[in-house]
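The values are calculated or read from the model by the stated rules, or taken from the named source; none is laboratory data. Only a predicted model underlies this, so the values are computations on that prediction, with no experimental measurement involved. All Cβ positions, glycine included, derive from the backbone under ideal geometry; neighbour counts span all protein chains shown. We work out accessible area using only protein heavy atoms, side chains counted, and drop any ligands, DNA or RNA first. Shrake-Rupley method; radii C 1.70, N 1.55, O 1.52, S 1.80 Å.
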Amino acid sequence: MKVHSRSLLNIYCLAVTLFSYSLFLKCYFPVKQGLSGNTSPTDVTPEPVSGRNGVPKPSYSRLVLMVIDALRTDFVLGERNDMPFTQRLLYDGRGVSFAAKTHLPTVTLPRIKAITSGSIPGFVDVVLNFGSPALTDDNLVTQLVLAGKTLTFFGDDTWLNLFPDHFERADGTTSFYVADYTEVDNNVTRHLSKELSSEDWDVMILHYLGLDHIGHLYGPVSDLVPPKLHEMDAVVRQIYTAMKSWNSDPPSVLVICGDHGMSDQGGHGGASPGEINVPIIILSPHALFQQQKTRTRGLQQIDLCPTLSALMGLPMPKNNLGRVEVAALPESTPLVDKVRFLQLNAAQIAEILKENVDNIEEDQAYVLHQDALAVHASWMSLRNSSTAASWEAVGARVLMGYQDAVERMSHRISQTSTSYDMYGIVVAIGFLCMNLLIQSLAYINKEDPAIIHLTTGWVWVILLLMVAILSHVTLCTSQHSSDIMCSTSITSLAVQLAVFGILIINCVLGGLLGSLVVRNAFKGDRKPMTMLEVGLVGCTVFHSLSLLSSSFVEEEHQTWYFFSSSLHTLLLLHPLSILMTRLGQPRSTECAGASAENRTERTSDRFQVSSSDNNFTKIRSKIRNEEGDMSQVVNTPVERSKQMSAEECVKMVASLVGILFLIRILRRWNQTGNKWLDVPDVGDWLVRPENKSYLSVIVLLSLLCLWTTRLRTLPGIIGRLTFAGMLISTYLSKATSGALILPSIITDFVSSQGVLEARIAYFFIAGLLVCSLKYSPTNTTDNFPAPQKRTDNFYTDCIRSDSQSTISSKDQQDLSHPANQIVDRHKGLWEGVQVAWLSVMCLLLRPHNVVQVAMVSMVEMLTCHFVLPFVKLSPQCLVLYCLMMGQASFYFQGNSNSLSTVDVSAGLTALYDYQPVIIGLQMTMSTYAGVFFWLFTLCKYISVAAPSCHTQKWLSDTYSELCSLALLNRALPLAVYTILVTLMRYHLFVWTVFSPKLLYEGMLSLVVCGFCVLCLLMERSVNKISIV
């Protein structure tokens, strides 16, 4: 049996990476399962002494629940006066307000679950937020239906997905089309006049999305926020005025709340104060409340669920962990009923505690509940034998006892209810570590994988399989049984079969590759690593180890900023050392000249990558014998360094200084991370409404800069005009959406939302790709433009020692030779793809980040034309360099390891309606735009670096090696980080820091795997070409 090529090994490692990481996520983020069934009013605990069953009478008969998406506490309860009517009602004692805190994640689906069920949703709901299934756990909406209430709903259709067939009338709006912040709210408000005058409903739920959409598009400081808050205040006035005329008994109540807040950048999903602090306001024209001051002590968003249950006279949902807020009850509510509500609250949570804790009688939280119950019974027995004042004083202590018991039990449950599938987690981590080992051994091994023979005896394979099966049966019959690894469903059986297959293949491959590495370890043909190689590899290893610290995860951008700056500073030392050596070189004697030459060689060897081998020496000797002149063939690092003129050194120094200057600006363009997130940056200043004119001018200049600097890479006049049309369409798309200034002369010729212009831009981008495809390596029929002389090669040695050159020096200089045409086609292809991707970045990123696109483009061009031709990086170093710059660009955009920095608005580009697949694709393209750009740049660098000798084999082997190195670069952080998050699964920051980073690592791995598939396809296409 043979492994025929390294490509087959790459495909296998890619599949194992995706399978193992998916298995880990599935086991690490299990869907929480609560108590089944619904609470019945007849099942509640009786009251001590009196034996009263059931729930006290409701305080209200009709309820209007108004959810304003992304409503921050400071929007309505702070110093702002954007909702004056609401604030006036609170001041007059017609309502009560609370500053509540939400749990993570701060996205809509889990927050609706928290409001309606009182439970703490799992982190997996971040993914389910884009396709919410029906909520089967006991919840407030279901309890209202079971109580015979008639419900209506208008707003975010997430409610309709969670509660199908619960509403008598409903009209849903799509929550992910963030480009619309007007009609999405008008579609809700247009129903109010009719519904408020109707008496055939008991509960009306409204969910407004406009404020959230404004935040995603322009942030909380936008001049669109105050008008939207005034619009919501007008809705409150309309509802409250209608409630005054209702003659219901009991009266009606209006509850206003936010599902989550909004970060200072406009997104949500993280744990910043703006995201987790939301208001809860209860208003009623027929009731007075105890105090008008906003309550902030210990109130959680999940407390709204049992509080609404108490207000409506309903039993609390079975999985509720919230606490009834007594201050939300009307002032006229009897003290005995308040205590009764808290008794029911505590009894319901105690049932959950019994399911999660062994030896319940010894648990301190449960003991506290029993003590409160005993005091309650004693207090009830004294009802007729003590004065009213003393009885109420004791009753207040009973309330406090129940409140403390509820909080302690809820906290205890939240600590114990999260169950991890440890069997599946260990298997996934084991496969990731084995995958890392196999890829490392395959990279170290210099023999062609095609000569690997699997001669391992089948006896050992059978023995390994028996041990694995025995261990599997033992674990599945123990307390560590796994749902995904031990059940008999079709999915589970497929997973188990895949696990056994991967285990056997990994062991066989590991043994074979390890033996080859050991066999070749003492041959002594390895060259020492250069300073630059050590720096690149050290950066990769250090980054993986830095993930072991939560602070480094939160501020990961600082790591990549430091690496990018330090590496270019290290590169700057190379030309400076040559210049200083030449300035101090004596010219009077040959000995002095020879000494200076030796110094130059030693200096060059420290910074260059020496990759020539004996075979290539033979090739140069052959060319010398044939032509008698080596003046045109310069391949070794020392030779190239000695031929660098002073002018070339100055250009390289100036370029690196320019790159460092641009990197410094990019670092300050978008402040990210956690500690310095609130520090003002350039982007914050540009997006202010009063600075729109400056932003428009800067964007125009940036687009012009892109067009002028990329002209030489575009094929002919058609390609240049297409690029210009794309840039113009991009500006018009952003201007018509209101982000930039639109010249009045063309106002009548553009659309109102920028969708048409964005689609035209995509059309031009497609045209750019078509123009670049004429350089495709499989296209052999087109007439190519005459290629320019290839003088920008920055790696000219051959990467395989067993390759034989079949091209004479005359053919190397013949630009029409098929070998050179392959290189020119690849270079043209990737330059066209690179320009097309820059166009996509301009279209999808926020307007102020268009400037960043131009700066990143300048960094790449300076690197390509004035740095790499003289540094001569090997393909291995090019991979590490481009991946490092891609990671730095990810954070230059303003991204972080918090979900709140994901730009949802990018997903709606060029769309009139909700298209989930296209939205997800565009969000991925926007979030990882910088990573994609540098991966495409890597392919261009490889085509430029292709040698004139045996070009086809070099490109084929290099594409395969790109895939291997990219996978290896991902394997190390995945293995390290999965071990970390497993050890830290009960850490305080597990949901705020570690879990979001886990999702980002998974998406980045998916992007890199897609790049690897592209490399394998390019390798195959190169192998199909025949050179005569």
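In the set V699, V687, V653, V755, which member is surrounded by 14 or more Cβ atoms within 10 Å (Cβ to Cβ), more than 29 Å from the chain's Cα centre (by Cα) and among the β-branched types (V, I, T)?
Details: V699 fails: more than 29 Å from the chain's Cα centre (by Cα); V687 fails: more than 29 Å from the chain's Cα centre (by Cα); V755 fails: more than 29 Å from the chain's Cα centre (by Cα).
One residue alone meets the criteria, V653.
Based on this model, can you work out whether G828 counts as over 30 Å from G738 (Cβ atoms), crowded, with 23+ Cβ neighbours inside 10 Å and modelled with pLDDT of 85 or more? No; evaluated as a whole, the condition is false for this residue.
To keep it simple, each residue is scored yes or no on (1) modelled with pLDDT under 85; (2) not aliphatic (A, V, I, L, M).
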{"position": "S40", "(1), (2)": "no, yes"}
{"position": "D43", "(1), (2)": "yes, yes"}
{"position": "V55", "(1), (2)": "no, no"}
{"position": "S61", "(1), (2)": "no, yes"}
{"position": "V64", "(1), (2)": "no, no"}
{"position": "L71", "(1), (2)": "no, no"}
{"position": "E79", "(1), (2)": "yes, yes"}
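Considering the stretch 261-278 alone, what residues qualify as being farther than 15 Å from T901 by Cβ and at pLDDT 90 or above? Can you show your working first?
First, the residues of the stretch 261-278 that are farther than 15 Å from T901 by Cβ: 273, 276-278.
Within the stretch 261-278, I276, N277, V278 meet the criteria.
Pairing residues of the stretch 142-167 that are in contact (Cβ under 8 Å) with a residue 40 or more places away in the chain with residues that are of a type in the set (G, A, S) and surrounded by 23 or more Cβ atoms within 10 Å (Cβ to Cβ), at Cβ distances under 9 Å and at least 6 apart in sequence or on separate chains, gives Q143/S309; G155/S175; D156/S175; T158/S175. In the stretch 642-683, the qualifying residues are those that are part of a loop (DSSP other than H, G, I, E, B) and acidic (D, E), and the one that is modelled with the highest pLDDT is D681. When the stretch 433-449 is limited to residues that are surrounded by 18 or more Cβ atoms within 10 Å (Cβ to Cβ) and of a type in the set (S, T, N, Q), the one that is modelled with the lowest pLDDT turns out to be N445. Identify the residue in the stretch 86-118 that is outside any helix (DSSP H, G or I), at pLDDT 90 or above and within 15 Å of W991 (Cβ to Cβ) and, among all such residues, is least open to solvent (accessible area, probe 1.4 Å). Among residues in the stretch 86-118 that are outside any helix (DSSP H, G or I), at pLDDT 90 or above and within 15 Å of W991 (Cβ to Cβ), the one least open to solvent (accessible area, probe 1.4 Å) is T102.
Going by what's in this entry, would L353 be described as over 30 Å from D74 (Cβ atoms), among the aliphatic types (A, V, I, L, M) and crowded, with 20+ Cβ neighbours inside 10 Å?
yes
For P58, the conditions (1) open to solvent by less than 40 Å² (accessible area, probe 1.4 Å); (2) out of contact with any Cys (no Cβ under 9 Å at 6 or more places or on another chain); (3) closer than 30 Å to E199 by Cα are fulfilled apart from (1).
Which of the residues belonging to the stretch 28-55 are of a type in the set (G, A, S) and either within 30 Å of G266 (Cα to Cα) or open to solvent by less than 30 Å² (accessible area, probe 1.4 Å) (or both)? Don't jump to the end; show me each part of the working.
If we filter the stretch 28-55 for residues that are of a type in the set (G, A, S), which is where we start, we get 34, 36-37, 40, 50-51, 54.
Within the stretch 28-55, G54 is the sole residue that qualifies.
Restricting S309, S332 to those that are among the hydroxyl-bearing types (S, T, Y) and open to solvent by 10 Å² or more (accessible area, probe 1.4 Å) reduces the list to S332.
Could you count how many residues in the stretch 57-79 are in contact (Cβ under 8 Å) with a residue 24 or more places away in the chain, part of a loop (DSSP other than H, G, I, E, B) and over 31 Å from the mean Cα position of the chain (by Cα)? Going through the stretch 57-79 one residue at a time, the tally reaches 6.
Name every residue in the stretch 471-486 that is polar (S, T, N, Q) and within 17 Å of F24 (Cα to Cα), in order of residue number. Write out each step before concluding.
Residues of the stretch 471-486 polar (S, T, N, Q): 471, 474, 477-479, 481-482.
If the condition is that a residue be polar (S, T, N, Q) and within 17 Å of F24 (Cα to Cα), then S481, S482 are the ones that fit.
Looking only at the stretch 136-178, residues that are over 23 Å from H268 (Cα atoms) and either of a type in the set (K, R) or open to solvent by 20 Å² or more (accessible area, probe 1.4 Å) (or both) come to 17 in all.
Only one residue in T713, T708 is in contact with an Asp or Glu (Cβ under 6 Å, 6 or more places away or on another chain) and either open to solvent by less than 90 Å² (accessible area, probe 1.4 Å) or closer than 21 Å to L862 by Cα (or both), so which one is that? Please lay out each step first, then the result.
Details: T708 fails: in contact with an Asp or Glu (Cβ under 6 Å, 6 or more places away or on another chain).
Being in contact with an Asp or Glu (Cβ under 6 Å, 6 or more places away or on another chain) and either open to solvent by less than 90 Å² (accessible area, probe 1.4 Å) or closer than 21 Å to L862 by Cα (or both) holds for just one of T713, T708, which is T713.
The single condition from (1) open to solvent by less than 40 Å² (accessible area, probe 1.4 Å); (2) closer than 25 Å to N670 by Cβ; (3) small (G, A, S) that S551 fails is (1).
Tell me which residues, restricted to the stretch 545-572, are assigned to a helix (DSSP H, G or I), under 19 Å from the mean Cα position of the chain (by Cα), over 13 Å from Q887 (Cα atoms) and touching a residue at least 60 places away in the same chain (Cβ under 8 Å). Passing the criteria: S550, V553, E554.
Of the residues making up the stretch 879-894, at least one is among the hydrophobic types (A, V, I, L, M, F, W, C), farther than 29 Å from V687 by Cβ and open to solvent by less than 10 Å² (accessible area, probe 1.4 Å).
Determine if the stretch 911-925 includes at least one residue that is touching a residue at least 24 places away in the same chain (Cβ under 8 Å), closer than 30 Å to D684 by Cβ and polar (S, T, N, Q). The answer is yes, given that some residue of the stretch 911-925 is touching a residue at least 24 places away in the same chain (Cβ under 8 Å), closer than 30 Å to D684 by Cβ and polar (S, T, N, Q).
Would you point out which residue out of Y240, Y181 is touching a residue at least 40 places away in the same chain (Cβ under 8 Å), aromatic (F, W, Y) and either over 30 Å from G907 (Cβ atoms) or part of a helix (DSSP H, G or I) (or both)?
On the way: Y181 fails: either over 30 Å from G907 (Cβ atoms) or part of a helix (DSSP H, G or I) (or both).
Testing whether each residue is touching a residue at least 40 places away in the same chain (Cβ under 8 Å), aromatic (F, W, Y) and either over 30 Å from G907 (Cβ atoms) or part of a helix (DSSP H, G or I) (or both) leaves just Y240.
Is it the case, given these coordinates, that L128 is at pLDDT below 90, surrounded by fewer than 21 Cβ atoms within 10 Å (Cβ to Cβ) and under 30 Å from I352 (Cα atoms)? Break it down into steps so the answer makes sense when it comes.
Values: at pLDDT below 90: yes; surrounded by fewer than 21 Cβ atoms within 10 Å (Cβ to Cβ): yes; under 30 Å from I352 (Cα atoms): yes.
So L128 passes the test.
Of the residues making up the stretch 187-210, at least one is of a type outside the set (S, T, N, Q), free of Cβ contacts under 8 Å to residues at least 12 places away in the same chain, part of a helix (DSSP H, G or I) and at negative phi.
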